[in-house]
Amino acid sequence: MKKLLIGTVGAFALFSFVVSQAGIWSIDGAHSRLGFTILHNGITNVHGNFTKFTMEVTTPNTDFTGASIVLNAEAASVNTGIDARDNHLRTADCFDVEKYPSITFKSTAVTPAEQKGTYNIEGDLTMHGTTKKVVFSGVHTGDGKNYKGTPVAGLQISGSVKRSEFGMGEVSPGLADEVKLQADLEIVKN
């Protein structure tokens, strides 16, 4: 009887842990960055980011396997640290923010990769009015609690896309076609 009671309590505790970890998470904008890097003249990297973006992650498990990720960035919030360049990136030569104000990503599959805590994140990226299937790499960088005691998790998502595949041709002489993306994210459980 004692073994049955211990087993039942242990199973309940495990079930409780699973339920407490699954849920809906949103971005902590103060501790997150959605950035990109592009090679200029084949010799140096130019960095930038989007200052306004939202993200929602729905986790059905104790990890990110099977998660649903939806990200929306305001294209006009592009920031490279140089106003003239940012203003040019907002024009029809590049993001064409008047016509295409949002950049979105919606995952279609999140599966474990080879190393523990790493994931293959497949989904649809829509930019400049074009949607393409992409695969990004994800790393679960840790868990904790914020100052309110609410569960938080760290995610790093990276990959690359080609501007030309999204209808953004020659923006400026010397810029590479490949753009490397990296999101360093802290998400908060709702």
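Among 27, 121, 82, determine the one that fluctuates most according to a GNM of the chain built with springs between C-alpha atoms less than 10 Å apart.
So, out of 27, 121, 82, the one fluctuating most is 82.
Just to confirm the number: angle between the C-alpha axis of helix 2-21 and the first principal axis of the chain, 0 to 90 degrees, nearest 10?
Tilt relative to the chain: about 20 degrees.
When a/c is below 1.5 the answer is rounded, else prolate if a/b is larger than b/c, else oblate, so apply that to the chain with a ≥ b ≥ c taken from the square roots of the Cα gyration tensor eigenvalues. Kindly include the intermediate steps, with their values, before the conclusion.
Values: a/c = 2.77, a/b = 2.43, b/c = 1.14.
It is prolate, given that a/c is not under 1.5 and a/b is the larger ratio.
Loop sites only, by DSSP: take the trypsin sites (Lys or Arg not before Pro) in the chain that have at most 15 other C-beta atoms within 10 Å and name the longest stretch containing none of them.
Numbers: sites that count: 52, 99, 116, 148.
Within the chain, the longest run free of exposed trypsin sites (Lys or Arg not before Pro) spans 1-51.
If you keep only loop residues by DSSP, which chymotrypsin sites (Phe, Trp or Tyr not before Pro) in the range 105-190 have at most 11 other Cβ atoms within 10 Å of their Cβ?
Numbers: sites: 105, 119, 136, 147, 166; in loops: 147.
The qualifying sites are 147.
What does the charge dipole of the chain about its Cα centre add up to, to the nearest 20 debye, if the Cβ of each Lys and Arg holds +1 and the Cβ of each Asp and Glu holds -1? Could the numbers behind the result be given before it?
Working: 17 positive and 19 negative charges, 161 e Å.
Once rounded to the nearest 20, the dipole reads 780 debye.
Just want the answer: with Cβ charges of +1 for Lys and Arg and -1 for Asp and Glu, which residue in 109, 161, 188 is farthest toward the dipole's positive end in the chain?
188
What's the extension gain from residue 43 to residue 141 if we count 0.36 nm per residue and subtract their Cα-Cα distance? Could you put the intermediate results ahead of the total?
On the way: separation 98, 0.36 × 98 = 35.28 nm, distance 3.07 nm.
Length gained, residue 43 through residue 141: 32.2 nm.
Given DSSP loops and a limit of at most 13 other Cβ atoms within 10 Å, what is the longest stretch of the chain that contains no such GluC sites (Glu not before Pro)? Please report the intermediate quantities before stating the final value.
Working: sites that count: 98, 114, 170.
No qualifying site falls inside 1-97, the longest such stretch.
Using θ = phi - 60° and the Karplus relation 6.51 cos²θ - 1.76 cosθ + 1.60, list the HN-Hα couplings for the range 115-127 in order, rounded to whole Hz, with x at every Gly or Pro.
Once θ is set to phi - 60°, the couplings for the range 115-127 become 8, 4, x, 10, 9, 9, 10, 9, x, 10, 9, 10, 8 Hz.
Which of the pairs 116/189; 106/148; 106/133; 99/162 have their Cα atoms more than 18 Å apart in this structure?
Numbers: 116/189 22 Å; 106/148 29 Å; 106/133 10 Å; 99/162 20 Å.
Listed pairs above 18 Å: 116/189; 106/148; 99/162.
Coordinate-derived values only; no laboratory data. Since we're looking at a predicted model, the values are computed, not measured. FYI the Cβ positions are ideal-geometry reconstructions off the backbone, even for glycines, and counts take in every protein chain you see.
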